[in-house]
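The structure under discussion appears below in the form of structure tokens.
Computed from the coordinates by the stated procedures, all read-outs in this text should not be read as laboratory data. Keep in mind it's a predicted model, so treat the numbers as computed, not measured. Note: ideal-geometry Cβ built from the backbone for every residue, glycine included; neighbour counts use all protein chains shown.
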Amino acid sequence: MEYNNQVEFMVYGKQALFTDVLTRVGGERCTYMIPTYEALKGILHSVYWKPTIIWYIDSVRIMHPVRTFRKGIRPVGYTTGKNDLAYYTYLEDVCYQVRAHFIWNPNRPELKDDQIPEKHLNIARRMIERGGRRDIFLGTRECQGYVEPRCFGVGRGYYDDIPEISYSLMYHSMTYADEAILEEDKGKMTVHFWQPVMRKGVIDFPKPEECTIKRHIRKMGIKPFGKKQENFSRLAEENLAWITGGMLSELDE
């Protein structure tokens with residue numbers, strides 16, 4: 001589906017580790033064969049994030065063949081605090097094309113004045129051109145990634161001629177209270193699961209609230225933003241600068 005506020009980009013790196021939330025505590029780690037919705041959303045947050053918007057990952061296109069390799073790691077033990085010996089299974093030489101769009105965050109009425117679609121869309125696209133505002137990671141911090149503009153569907157993908165590949169139950173995403181859409185998820189942290197299907201190299205993601213398998217982890221509050229909290233105090237000045245064309249330097253960083 002096409003959206004007016006859609007962004008498209010390519011992310012790639014030498015290795016990736018997309019793990020299940022249940023295996024992040026410690027010990028052996030084994031990657032999923034495909035990136036998770038949450039990992040791609042995290043990449044987009046590193047490119048450009050504001051509490052005014054919620055990013056939705058629409059689709060991912062797998063460009064390179066799925067290959068794995070094992071590496072010996074000495075992580076800090078979760079209970080002992082000492083270095084343990086473990087083997088991590090990574091994806092090798094990954095490359096993905098991603099398509100995403102944003103909506104206004106309904107849980108942020110105090111930021112209504114910041115709902116300027118052209119502002120956020122243009123900043124996001126400019127940040128993609130610059131490789132993101134923060135470092136890009138492909139699942140975990142040791143897996144450095146790189147972002148650049150790329151039209152979705154351009155170029156030859158390794159799985160373009162394969163009609164369909166189905167995967168078993170996978171972790172989809174984690175929804176925090178400040179981005180909860182459904183009334184039943186308000187004030188809670190919710191984890192979502194799904195069963196992905198790749199068709200000709202493309203995986204279309206459902207929205208988190210459309211996942212039928214989910215679990216509420218715990219109750220969770222929402223951090224307020226605005227002038228009273230002094231954590232969004234320059235909103236009026238930024239918007240005025242955007243509208244008049246004299247953009248503040250902070251918008252370009």
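Hey, among the residues in segment 135-167 that are part of a loop (DSSP other than H, G, I, E, B) and among the aliphatic types (A, V, I, L, M), which one's nearest to S46 (Cα to Cα)? Within segment 135-167, the match that is nearest to S46 (Cα to Cα) is L138. Applying the selection to segment 137-175, what residues are touching a residue at least 40 places away in the same chain (Cβ under 8 Å), buried (at least 16 other Cβ atoms within 10 Å of the Cβ) and under 20 Å from D20 (Cα atoms)? Listed by number, the residues that qualify are F137, L138, G139, T140, C143, G145, M170, Y171, H172, S173, M174.
Listed by first and then second residue, the pairs with beta-carbon distance under 8 Å, at least 6 apart or on different chains, first residue in segment 49-72 and closer than 30 Å to Y176 by Cβ and touching a residue at least 60 places away in the same chain (Cβ under 8 Å), second assigned to a strand (DSSP E or B) and among the small types (G, A, S), are Y56/A100; I57/A100; D58/A100. For the condition under 30 Å from E183 (Cβ atoms) and of a type outside the set (A, V, I, L, M), E118 does not qualify. With the condition kept exactly as written, say whether any residue in segment 117-134 is under 22 Å from K207 (Cα atoms), of a type in the set (A, V, I, L, M) and assigned to a strand (DSSP E or B). Checking segment 117-134: not a single residue is under 22 Å from K207 (Cα atoms), of a type in the set (A, V, I, L, M) and assigned to a strand (DSSP E or B). The residues listed here are F193, F225; of these, the one that is in a loop (DSSP other than H, G, I, E, B) and either touching a Leu at 6+ places or on another chain (Cβ under 8 Å) or within 25 Å of L17 (Cα to Cα) (or both) is F225.
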